[in-house]
Structure formats: C-alpha cells, structure tokens
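The values are calculated or read from the model by the stated rules, or taken from the named source; none is laboratory data. For clarity, every value in this text was computed on a predicted model and none was experimentally measured. No Cβ is skipped: glycine too gets one built from the backbone with ideal geometry, and neighbour counts run over all protein chains shown.
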DNA sequence: TATGAATGAGTCTTCATTCAT
DNA sequence: AATGAATGAAGACTCATTCAT
C-alpha cells in the first residue's frame, strides 16, 4: 500500500468516526460513509469490504489514541489521588460530550454481535478501567492516601457509576455537577475527607 | 374496535415485544413484526402505521405491566429495607435477564429520538426510580432503619449503578453476584451493617 | 332490490359524483368512494363491482338530470334566439363552475377507454349538442331570426368553441366575459346585429 | 454528467414521452417507464426522482423541439396568410395525430397541479398561441391581407376552436376535413374570400 | 344486507455490491 | 487506484377484493 493510500484510509477512518458518533452503528450505511468522505462508492470498497470493517478500523484507531492519552499523561502524576481524578476526568469528558463519542455505536455493535465475539469491546474497556482503578486504589492504600477495604469492589463500583452516567447522558439530561456529585459520593468511602478538593474535575 | 381486534392488537404487541427485545429498535422492520406474528403485511398496517407506533404501544403495555407489579406488591411490605430490596430485586431481574428486556431497544429509540421528545422514556424511568428510592430512604431515616445524610444523592447513586449494570449486562458478562456486591456496596453507606441480610435479592 | 337499497345506491352515486368531480377518473379508488360515503368496503361491493361501474352509474344519473333540465325549460321558450342563448347559458355554467363538473373525469375516462367503446360519452354529448344547435338554427332561419348559410357548420363551430373553453377553464383561467365574448363572436355570423342583446347569458 | 449519461437521459426522456402520450400522466408509474426503457429500477432513479420530474423533462424537451420547428420555418414565409396557415397546420397535425401527442397527459398534469403552479403549461401554450395569432392578424391588417375589426378576439376564437378540436380528437372522432372546415369558418370573418385557397392545410 | 378484518399483489424507494472505463 | 453508472434485492406502504360474522 502506497503512502497516499495510507493517508486516504486514515481519512476515511476519521470521517467515518464522525458518522458513527452521530448516527450509531446499526443504521450507518456504506452510502453514508461514501457521502461523508466525498469519495466514490467503488473507492470505499477498495479499502473496506463493508460497514463492519470500517467500524472495527475506527475502534482500533480510537483505542490507540486513547492509550496514547493515558500513557502521555502518566509522567506528570505524583499522587494516586491525582491519578484517580485524572482518569475520572477523562471519563467525565466522554459523558458530557457524549454526542461526539462512539459510545452508542459501540453499544449497538455489541448488541448486534452479542454471542459472536468473545471479548467484546465494551467489556474489555470496562475491565481495563477496573484493573486500572484497582491498581491506583491499592497503590493509594499503600501510600496512605486511601483507605479501601476492598479495592476491586470499589473500582468496579466506580465503573458501574460511570457506565450508568454515560448511557444516561445519551438518553436524557446529565449535568456536569451530576457527574461531580456521583464521583465524590463514589470515592468518599475510601478517600479521607481532608485529602483535598475534587474540584479539579 | 371489536373484541376480536383488541385481542389481535394485544397479540401483535406481545409478539413485537419479543422482536424488540431480541433485535433492539433500529433494525426492526415492519416485515420482521409481520413475520413474527405470522400475519399479512396489510394486516399489521390495520393496527399500526409504522414501527415506531408499534414500539410505543409495546412500551405503554410494558409500563402498565410494571406498574401493576409494584402496586400489587406494596401491601405485603412492612419495612423500608424490605421495600428497598424488593425494588432492587426487580431491577436485578432486568439486569440478569437482559436478553428478554427492552432496554437496548429503549436506548436505541432514545438515541434516535434525541432532542425530539422532552421527557424521554429512559430519563423518566430513571427519574421515577430516583424519586421512589429517595422516598424510601427518607422514610427509612425517620423510622431509624437508615442513616442517610443526603437521600437524593444516595438514591441517584444507586440508580447510576443499576443503569451501568444494565448496559454492561447487555454488552458483556455480569453475574448475579456482581449485582449483589454492587447493591450491598451501594446501600452500605446508609444501612447499618446489623440491619439484616440482603441475601433476599 | 328494496326501497332502502335503492336509496342507498342513489346516495352512493351522488357522493361518488363529488369525488369524480374533484379528482377526475383515473386516480379514484374504491377506497376513496368508501371513505366519502362513509360506508363499509363490503357495502360498496354489494352495489358496484368496481370503480368503472360506479362511474358509469354516475354518468347515467348525470345524463338523466341534464335531460330533465332541458325538457323542463322548453315550454317557456318562444323564440329560437332565446332557445339558443338558454342552451349556451347552460354550457357557460359548466365552463365557469368547472370544478364541480365531471368534465375532466369524463375526458380521462374516454382516454382510458379509447378504442374500446364505439360511442364515447364526450362524442355523443358533442353530437347531441350539434344536433340540437343545428335544429335551432334551421328553425331560426325559417322564422327569419337567423341567417345561416350552413347551419351544421355553424353549430359545430359553436360546440368546438365551447369545448375549447371547457378544457381551458380547467387548466387555466377563463373569465365570464371571455365566454361571453366568444359566444357573441360565434353567433355574429348568422345573428343580425339588431336582434337584441346577448347579455342574458 | 458524462457524455454517456447525457445520452441515456435523453433516451429515457424520449421513451417516457411515448409512455405519457399513450397513457396520460396520472396512471404512469416509475415501473412503466422502467419497463419501457428496459433499464433497472434503480437506474431510472439515478436520473429522475419521481414521475413528475420525468414528465417535466419530457415537457421541456417537447417545448424546445417545438420552438425549433417554428424558428426554422420563419425565413421561408412571405405573407401573413401563409404564416397563419402554417401555424394552423402545425396545430392540425397535433389534432389529427393526437394519439402521439402529450395533450391528454398535459391536461391531466394541469388538473393534478391545479392551483399549485401559477403559469400552467396549457394556459401559457394557449396564451402564446393567441399572442402569435394576434400579431399575424395585425400585420395582415396593415398589409391589407386581412380585415379584422378585433384581432385579439379573432385570435382567441381560433385558439378556442383548436383547443376544442384537440380534446374532441382524443375522446371521439375528428376527421381531417372537420378541422379544415373549422379553420375556414374561423378565418372567414377577416380573410377576404378571394385571397387564395386554404387547401394547403 | 352490511360490516370491516384480512390477504396479497403491486409500486415506490433505498442501498449494497459489481464492473466497465 | 479511482470513478460512478448499473443492477437487483429488500422493505415500506396502499388498495382491490374476499369472506366470516
């Protein structure tokens, strides 16, 4: 594949991302993508066989971008609380700006593929979140920042809440302070109340 | 409308419910419903103009059924804790048997109708849940069963968690004990630990 | 057929007339007639096999009514000029109030049935008009009221003009004075200019 | 649009013209056109959105062809009478070969669109005819060929007659000599009888 | 007689997919 | 590589006609 065609493929992926973010997964057609990219029908088929292949490519690119964000930020962190809050801040952003996120498209895709794929995207995203939070809480326990009796359960609880807020933000109204309240409430059980504000969210 | 056609309409609604539970909202066609009901194309159009009208009728029937469940159970309840647990039990059932629930269809419908309807179905379902839980917690505070500093926030928190579990149950694996753990964890902050088991879930 | 069913059939014919006058012939469906009559689908089929049969019944009723109008007026006429003007007045009415006439429906029906029926409705209506006018002119010639060299040609000419005005009134704008002018112009060639006004139109 | 697709569009327009000439406007379906053109369903939709768009394209093409006919003939005309007769000859052709003309389709289209469009096709066609004839008569008056007291009324009268003949030719029988008679009769009032034969019709 | 539920054929319209250029 | 014309399958919707009640 030439340099030019790599560029074009990336362009298609980026443009298709907007389409999926706006319309979800199920109802997006090859024509929608063709129209959004302003390329020819045949042109799209040179790069992708069908809508699903485009979507999977979009997801892959999304994952890569997300990983880079977290990895890039790590060096600047000096406390577990800050790390916890940074992570939640990223999730909050996705909740508040849900209209630009792929969430609904991913949910739809999982629902369609239910039973077919072993490692579903949402589940692994959730699992990664839990694993990450759990490590942060354990580290915080060690450093004396946190007081969690069961880091895994606390980690899961936070992720359940964030998932709930994500979906609610797409189907109804969720304000910024709703999210803040929920986060404060969630971490209350293992974060001593004098450990500094959470208003950096 | 004759007695017979009322029966038939109900039959269509019940059959369509299965279809929506299985396939969500977006991809369901009039033909899908026709095929599931084993009636003629024109026959379906006698009762419903389009898929959305069928879906709304399904939702309405669902709501009615749900209301009856709650109303029917109320007389047998003698403590706020029991009431709380009964309510969570109903939600748990929907989470565990998610494949038979309309949740994903409702999410999709809300996403499609986003911005159009003021009080979306999911939001009002969520709000009703919060309102109900809040009242239970307040009553529990009065009776000394609970110790909640902020009943509304606690109520919301529980609903966020349940929403998160609902969507996760559809896109990945959520076990019965995952739900139990989450519930215990959620009510821990305002339910004294000696107030009896939650194993009735 | 009982007395009641005769009434009902007449009611259907009258109501269907409105429908044909408004919508022409081609696009009128049995459903349109059923809806207009507010009777059941099956009910209409008891009286008429299909749209064409309804239309023919409407035409027949129309013809009868029209005949009665002319026959009823004849006794009161004492001059050929008055008779001529009465006839043209009737035609003018149909031209000006074209939206309530069956003209377009009839044209459409003839176009559909082209070649099938020997004596088409329009043709016979036209022929009847020519025959009538021709007799009036001949009689007027005898009585000295008119001076026509070729009564048949003059009769035809008038009917051509009226047909032209009829169709133009349905597809564009034709004013009352347009019709008056045309009539005056048409009869000029055989009516002495001092024979009295034509402003009774 | 490529050269090839221009050709195809023209082919569709020409083929559709036959369909409209044969069946009128109302009952013509996209399928009729598809079948006549022997192209695929989707293929037709590449060029036209619906039947109306096809019809309007047919009308436009027809207008262009008609304009060219008149413009092409003008240089060869040296007297107003010849010009008058040429014009009537064109109309006569449409009357006699009515089965190949779009007349009925146009009437139907106007009836359907009644009230929607300001300048209906038939009306403007009629107005153009009147304007043209009026100018010819006025010029003929000046050159001494004609003796018309009211050129506009005479022009209108001729057009009424031709319209009447047109519609009659579609719904019944109109012979070539019927048309000739009518024309001779119509121009008699302002064309001196010694001004040469009209047998060139 | 009268009703209106039910059926299925027919048309409209959109799209995935192919293919000649 | 890239284009976009072309095809045909699939689903929406309407309506003539039948039939059990």
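A few notes on this one:
- Qualifying residue in the range B:102-109 (condition: within 30 Å of residue B:174 (Cα to Cα), out of contact with any strand residue (DSSP E or B) (no Cβ under 7 Å at 6 or more places or on another chain) and within 12 Å of DNA strand F (Cβ to nearest atom)): no
- Some residue of the range A:29-50 being part of a helix (DSSP H, G or I), outside the structural domain of residue A:124 (by TED's automatic domain parsing), within 16 Å of residue A:106 (Cα to Cα) and within 16 Å of DNA strand E (Cβ to nearest atom): no
- Hey, residue B:115 over 18 Å from the mean Cα position of the chain (by Cα), within 14 Å of chain A (Cβ to nearest Cβ) and away from DNA strand F (no atom under 16 Å from the Cβ) or not: yes
- Inside the range C:72-99, residues that are part of a helix (DSSP H, G or I) and within 15 Å of the chain's Cα centre (by Cα) make up a count of 13.
- When the test is whether a residue is more than 16 Å from DNA strand F (Cβ to nearest atom) and surrounded by 13 or more Cβ atoms within 10 Å (Cβ to Cβ), residue C:44 does not pass it.
- Per-region count, the range B:170-201, residues modelled with pLDDT of 90 or more, surrounded by 15 or more Cβ atoms within 10 Å (Cβ to Cβ) and more than 10 Å from every other protein chain (Cβ to nearest Cβ): 5
- Selection of first residues in the range A:83-109 that are free of Cβ contacts under 8 Å to residues at least 24 places away in the same chain and of second residues that are in a loop (DSSP other than H, G, I, E, B), restricted to Cβ pairs under 9 Å at least 6 apart or on distinct chains, gives the following pairs, ordered by first then second residue: A:86/A:77; A:86/A:200; A:93/A:101.
- The range B:120-142 residues that are in the same structural domain as residue B:164 (by TED's automatic domain parsing), paired with ones that are surrounded by fewer than 19 Cβ atoms within 10 Å (Cβ to Cβ) and in a helix (DSSP H, G or I) (beta carbon under 6 Å, 6 or more apart): B:134/B:152
- The single condition among (1) on the phi > 0 side of the Ramachandran plot; (2) at the interface with chain A (Cβ under 10 Å from one of its Cβ atoms) that residue B:144 does not meet is (2).
- Test: residue in the range D:103-119 that is buried (at least 18 other Cβ atoms within 10 Å of the Cβ) and either outside any helix (DSSP H, G or I) or modelled with pLDDT of 95 or more (or both): no
- Residue D:76 being over 20 Å from residue D:159 (Cβ atoms) and either touching a residue at least 12 places away in the same chain (Cβ under 8 Å) or away from DNA strand F (no atom under 13 Å from the Cβ) (or both): yes
- Selection from the range C:64-88 of residues that are away from every other protein chain (no Cβ under 14 Å) and either within 16 Å of DNA strand E (Cβ to nearest atom) or modelled with pLDDT of 85 or more (or both): C:64, C:65, C:79, C:80, C:81, C:82, C:83, C:84, C:85, C:86, C:87
- Scanning the range B:147-169 for residues that are free of Cβ contacts under 8 Å to residues at least 40 places away in the same chain and more than 10 Å from chain A (Cβ to nearest Cβ) turns up B:151, B:155.
- Qualifying positions in the range A:40-69 - under 24 Å from residue A:161 (Cα atoms) and touching a residue at least 40 places away in the same chain (Cβ under 8 Å): A:59, A:62
- Candidate set from the range B:14-28 (those that are surrounded by fewer than 20 Cβ atoms within 10 Å (Cβ to Cβ) and within 14 Å of another protein chain (Cβ to nearest Cβ)); member that is farthest from DNA strand E (Cβ to nearest atom): B:21
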